[in-house]
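Contents: one structure, followed by commentary.
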Amino acid sequence: MSVNPSTHLLVVPSGPLEIPDLQSLATSPDASGVYFSLVIPTYNESQNISTIVEKLSHLLDGSIPGNYELIVVDDNSPDRTWEVALSLTEKYPQLRVMRREQERGLSTAVIRGWQAARGEILGVIDGDLQHPPETLLQLLAEIQRGADLAAASRHVAEGGVSDWSIVRRFLSRGAQTIGLIILPGVVGRVSDPMSGYFMVRRSCIAGKTMNPAGYKILIEVIGRGNPRWIGEVGYVFQERQTGESKVTWKQYVEYLRHLLRLRFDTWPVGKFLRFGIVGFSGVFVNMAVLYVMREVFNLELTRSLIVAAELAIISNFLWNDLWTFGDISQQQPGKRQRFKRLLKFNTICLMGLILNVLLVNLMFNVLGINEYLANLIAIAAVTLWNFWINLKLSWRVTEVDR
Ligand code: GDD
Ligand code: MN
């Protein structure tokens, strides 16, 4: 963590938003490690910063004395919060201050703070005293129990918000619902995905380039870090004493953009392409078997079609189990597991066949779309259906304990 000797401000990291791992930290000039680094992002918090630094220091001196650091990351606040924070470093030697003049934004402030941090555990707390500092000890206890990420939540027992307006509650819950639709595997892993009060093991996110947007840093950490065990602690979101919230409608637009980007970035594009290639090879298997059934065995048409479709499904399963989802099926070895996957795959593909027939009929008979174009559209839609449901059901990575 390099400090500018003339200003005693932390040098602001630049370049990709990537957190270094502990090994690369060990080689840095001032390698004196700490256990816990807590970033406090601030914008116009000059009225609050002394109180929160004093409360946090008192609390952490009582539990992990000398083994933590506080990092204020201020975005060049007009009320010169960074200057007030700097004046506190004399009294609180574990306090570090970063003044960002180029970049702005809550979530990048947190990442830049974590890039300059030395701790094994990286945390974030609002700088306006709306996150009760005492919850930190329960979050640390979750981490010490083995959690990779511990999040403070307003939506579990002992959680809540002070007197938020109905509109604010509606907006927060609405944003969460949209998140559950677009990114269920991330937003669904915590009860309060909007929370900006949590801590995570550095090893979870080290080496991963983060690409957050707006306010919601927690979904970025879960989406890219994929922590195995997530612990949650209830807290009551407090009323602001001074200053005001910087949340505007812009943060909600940023949040949507962020969800869509994470969706695409975390979508298994490689697996989907392989799935498509396997599906395409299935067409040849289907046609070849149909030919043999009709011309060699002289079987009547419907039976030939069923045999051809079934053998194509089995061929697709074998390739997918070996190639497309090989990394997952290797974790679920054994004939019984494989047969279970084949049954699920078969059922999903047969449902896909029915869906295909329904879609083509709907498009051809109701919408008047050309039957061949309708079939192509239906094949594309059914391929997406087959891929997604198989990924979620047949080759599901068994959930690890939360
Ligand atoms: N460095 C920096 N840059 N800090 C910022 C910025 C910024 O652009 N914008 C806000 N902050 C700081 C504020 O100074 C405060 O410490 C904290 O981030 C939260 O900002 P608020 O404006 O107070 O947000 P809120 O009260 O509406 O809280 C909501 O967002 C928080 C951040 O995600 C709630 O959802 C909280 O749960 C959440 O923690
Ligand atoms: Mn606030």
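Tabulated data for the structure shown
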item	result
Residue match in region 145-165 (condition: open to solvent by less than 10 Å² (accessible area, probe 1.4 Å), farther than 14 Å from V124 by Cα and assigned by TED's automatic domain parsing to the domain that holds K250)	yes
Residues of region 99-111 classified as open to solvent by less than 10 Å² (accessible area, probe 1.4 Å) and more than 16 Å from ligand 2 (Cβ to nearest atom), total	2
Test set (1) touching a strand residue (DSSP E or B) at 6+ places or on another chain (Cβ under 8 Å); (2) away from ligand 2 (no atom under 16 Å from the Cβ) - H131 fails condition number	(2)
Residue among S195, S191 that is within 30 Å of R145 (Cβ to Cβ), outside any helix (DSSP H, G or I), within 16 Å of ligand 2 (Cβ to nearest atom) and modelled with pLDDT of 90 or more	S195
L136 being in the same structural domain as S14 (by TED's automatic domain parsing), within 16 Å of ligand 1 (Cβ to nearest atom) and in contact (Cβ under 8 Å) with a residue 60 or more places away in the chain	yes
In region 68-98, the residues that are of a type outside the set (V, I, T), open to solvent by less than 40 Å² (accessible area, probe 1.4 Å) and not in a loop (DSSP other than H, G, I, E, B)	Y68, E69, L70, D74, W82, A85, L86, L88, L95, M98
Test set (1) within 16 Å of ligand 1 (Cβ to nearest atom); (2) of a type outside the set (A, V, I, L, M); (3) in a helix (DSSP H, G or I); (4) open to solvent by less than 50 Å² (accessible area, probe 1.4 Å) - C204 fails condition number	(1)
From Q241, Q251, residue being within 23 Å of L129 (Cβ to Cβ), within 16 Å of ligand 2 (Cβ to nearest atom) and surrounded by fewer than 16 Cβ atoms within 10 Å (Cβ to Cβ)	Q241
All positions within region 55-67 that are touching a residue at least 12 places away in the same chain (Cβ under 8 Å), more than 16 Å from ligand 1 (Cβ to nearest atom) and either buried (at least 19 other Cβ atoms within 10 Å of the Cβ) or part of a helix (DSSP H, G or I) (or both)	S57, L59, L60
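The values are calculated or read from the model by the stated rules, or taken from the named source; none is laboratory data. What you see is a predicted model; the values in this text were computed from it and never measured. Ideal geometry is used to build each Cβ from the backbone, glycine not excepted, and the neighbour counts take in all protein chains shown. Accessible surface areas use protein heavy atoms only, side chains included; no ligands, DNA or RNA. Shrake-Rupley method; radii C 1.70, N 1.55, O 1.52, S 1.80 Å.
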